[in-house]
Structure formats: structure tokens, C-alpha cells
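Chemist: Sharing a structure below in C-alpha cells format, with a few things to ask.
The values are calculated or read from the model by the stated rules, or taken from the named source; none is laboratory data. Just so we're clear, the structure is a prediction, and the values are computed from it rather than from any experiment. Note that each Cβ is placed from the backbone with ideal geometry, even for glycine, and that neighbours are counted across all protein chains shown. With ligands, DNA and RNA removed, areas are computed over all heavy atoms of the protein, side chains included. Shrake-Rupley method; radii C 1.70, N 1.55, O 1.52, S 1.80 Å.
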Amino acid sequence: MADHASEEDVTSEAAAPADDEYPSRGARIRSWVRFALISLARGVLATVAVTVLWTVLPLVIGWSSAVVTSGSMLPRIRPGDVVVAQPFSGGTVEPGQPILAENPDKPGHLIMHRVVGRNPDGTLVTKGDANEQEDSTPMPLASVKARPRILVRYVGLPALWFQQGRYREVSIFVAGAGLLGIVATRRHEVDHVTSEDENPAEAPIPTEAADAPEPQDHTEPSDGRPAPDDGDAAASSGGASTGG
């Protein structure tokens, strides 16, 4: 009977798959895909955060930033780029330097063009890099507001789209940013899915043989007399005590 129970234990242990405690192949693939998506989303958001900081931090020291809205400075400066400029407090402007100035043809609007010469009266001759001709209106030196120092690519595109009424692009950008935020804030946890979880019908049936009580060994003494049961042993023990 003891041998029979031992055989059942061995059989149940052999029936259990050896790799139950490891994730299945499909679970591992899903886990790695999830990990890659979360890492990509966090990388994109981190890159955007760094570029935005480049446009915001200089404002603390009194610099200014402006979104490029035209292609007059292509190919180096593109629409949607953000230019961070150092305030111009007077002095001279040499030819070849870009400037951020108030547009003499559109008061209240800023223009960023490159200085290409100087007129005898002290006004500046400006020109866009993508334009074939120089600006028709001379630029007074007093109209110069700042000198561009830092160029940050594409950060101003959402603001440019909104200004141009391109609300479809704005909506796509907002939805994409929200999706990236949701993915980036998710926690990555390894799936511990076993073959039993994928195919519950094939899981081994647990055996209760291990919990069964061990059988009593009713062996006879060597002198040939039958071994006394628990009642006989108790009686003989009590009799010995009384006789003393």
C-alpha cells in the first residue's frame, strides 16, 4: 500500500510540465512588445520635453523666443521652428548676421532676415535667404529687437497650425500626445503566464495521494505472539501501576 502511494506521487510529479514556472513564448513576446512601446513613448516625450525647455529656459534671463511662420529663411530656418534670441541693446550689426526686428512694412509684426549691407544713412539692408531680391524697405537700426542665438526645430508647429487654422493637424497632434502620455505612464510587468494558463483543459489533475495517511504496519513480534492493540497496552500499563 505504501508502495502504491509512492508510485502515485511519482506519476503526478512526472505529469506536471517541467517549465510551468516560466512564461510561455507568446507571453514573452507580448511582454517585450509592451516594453518596447513604453520605452519608445517615454523616449519621444523626453525628447519633446528637452526641446521645449530649450525654448523656455532662456526666457528666465530676459531672452525672447519666436515661432517662424514663413519660409523666407529656407533652407536653414523652416516654418514651425522656434528661434531664441538675445535682446539687442545697441551697437552695430555686421553684414551676414540674422536679426529679429520689427517689420517696417507691417508695424507690430516681427521679421527675421539677414543683414546683407548698410546704407549711407545708417539703415540696414536685409534679405531673406530664400528670397531672390533684397527687402524694398530699409531697416532702421532702432527697429532691431534681438539677435537669434538658438534654433529649435519643429517645436512651434502646433502653434503655427493653430494660427493658420489647420485644426485637423492640431487635433492629430493632441490625440497623439495624449496616447503617448497614456502609454508612457503604464508600468511594465513581466507576464508569468504558463502553459496551464493558456490550455487549462490540459493542466494536470492534482492528486491527493500525498495527503493520505501512512498505513499502519501491523507486524507480529518475533516470539510468535500477536502484538497487543492500543487497548491491551493501556490495560497492562494500568495494571503494572496498581501492583506497585
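Chemist: Can you tell me the FRET efficiency between ARG186 and ASP129 if r is taken as the Cβ-Cβ distance and R0 is 41 Å, rounded to the nearest 0.05?
Modeler: E between ARG186 and ASP129, to the nearest 0.05, is 0.40.
Chemist: Could you list which residues have their amide H under 5 Å from that of VAL116, counting only those 5 or more apart in sequence or on another chain, with H placed in the peptide plane?
Modeler: Close amide H contacts, sequence-distant or interchain: GLY96, VAL125, THR126, LYS127.
Chemist: Full extension from SER64 to SER39: what is 0.36 nm times the residue separation minus their Cα-Cα distance, to one decimal in nm?
Modeler: Working: separation 25, 0.36 × 25 = 9.00 nm, distance 3.34 nm.
Between SER64 and SER39, full extension yields 5.7 nm more.
Chemist: Another question about this same structure. For the full complex of protein chains and a 1.4 angstrom probe, list VAL52, VAL125, VAL115 by accessible area with the highest value first.
Modeler: Working: VAL52 60, VAL125 25, VAL115 0 Å².
So the residues, ranked largest to smallest area, are VAL52, VAL125, VAL115.
Chemist: Given R₀ = 41 Å, what would the calculated FRET efficiency be for ARG30 paired with ASN103, taking r from the Cβ atoms and rounding to 0.05?
Modeler: Approximately 0.15, to the nearest 0.05.
Chemist: Can you compute the modelled spin-label distance between VAL174 and ASP121, with each label point 7 Å from Cα toward Cβ, in nm?
Modeler: Going from the VAL174 label point to the ASP121 one covers 4.8 nm.
Chemist: Starting from the residue with the highest accessible area, list TRP161, TRP54 in decreasing order, probe 1.4 Å.
Modeler: TRP54, TRP161
Chemist: Just subtract the alpha-carbon distance of GLN163 and LEU57 from 0.36 nm times their residue separation and send over the number in nm, one decimal.
Modeler: Details: separation 106, 0.36 × 106 = 38.16 nm, distance 2.37 nm.
Between GLN163 and LEU57, full extension yields 35.8 nm more.
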